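K.L.:
Got a structure here, written out as structure tokens. Questions coming.
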Amino acid sequence: MLRFKIAKMSCGHCAASIERAVKGVDPQAAVSVDLGRKEVTIHSTAEERLISGALRSAGYESQALAA
């Protein structure tokens, strides 16, 4: 499980973009978005660096949190 803080995530469109980015790396990933806390929890077999790179490519800087 991976958790990220994404400060600029503010709406449903952001959440959908983030989910698409993660699933582009791992189509089987389970993505849970908490807009209020600006956090994303991801259950994936992909490496953290690949997920954070995909988020960055989608326009979202992320900070890894303890899982």
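K.L.:
Scan the range 47-67 for residues that are buried (at least 16 other Cβ atoms within 10 Å of the Cβ), more than 8 Å from the chain's Cα centre (by Cα) and within 14 Å of residue 2 (Cα to Cα) and report the count.
P.N.:
The qualifying residues number 1.
K.L.:
Considering only residues that are of a type in the set (Gly, Ala, Ser) and touching a helix residue (DSSP H, G or I) at 6+ places or on another chain (Cβ under 6 Å), which ones fall in the range 1-23?
P.N.:
Hit for the range 1-23 is 21, nothing else.
K.L.:
A further question on this structure: Quick one: residue 45 ticks every box in (1) part of a loop (DSSP other than H, G, I, E, B); (2) in contact with a helix residue (DSSP H, G or I) (Cβ under 7 Å, 6 or more places away or on another chain) bar one, so which box is it?
P.N.:
Exception for residue 45: condition (2).
K.L.:
Shifting gears a bit: Would you say residue 53 is out of contact with any helix residue (DSSP H, G or I) (no Cβ under 7 Å at 6 or more places or on another chain), part of a loop (DSSP other than H, G, I, E, B) and at pLDDT 95 or above?
P.N.:
Here the answer is no, as residue 53 does not meet what is asked.
K.L.:
Within the range 21-43, does at least one residue satisfy the condition of being charged (D, E, K, R) and either touching a Phe, Trp or Tyr at 6+ places or on another chain (Cβ under 9 Å) or in contact (Cβ under 8 Å) with a residue 60 or more places away in the chain (or both)?
P.N.:
The answer is yes, given that some residue of the range 21-43 is charged (D, E, K, R) and either touching a Phe, Trp or Tyr at 6+ places or on another chain (Cβ under 9 Å) or in contact (Cβ under 8 Å) with a residue 60 or more places away in the chain (or both).
K.L.:
Also: In the set 17, 44, which member is among the hydroxyl-bearing types (Ser, Thr, Tyr), in contact with an Asp or Glu (Cβ under 7 Å, 6 or more places away or on another chain) and surrounded by 15 or more Cβ atoms within 10 Å (Cβ to Cβ)?
P.N.:
Just one listed residue meets the conditions, 44.
K.L.:
Mind telling me which of the residues 3, 37, 20 ends up being assigned to a helix (DSSP H, G or I) and either touching a strand residue (DSSP E or B) at 6+ places or on another chain (Cβ under 8 Å) or not small (Gly, Ala, Ser) (or both)?
P.N.:
20
K.L.:
Regarding residue 6, is this residue crowded, with 18+ Cβ neighbours inside 10 Å and either at positive phi or in contact with a Phe, Trp or Tyr (Cβ under 6 Å, 6 or more places away or on another chain) (or both)?
P.N.:
Judged against the criteria, residue 6 is a match.
The values are calculated or read from the model by the stated rules, or taken from the named source; none is laboratory data. Just so it is clear, the model here is predicted, and its values are computed rather than measured. Quick reminder, even Gly has a Cβ in these numbers, built from the backbone with ideal geometry, and neighbours come from all protein chains shown.
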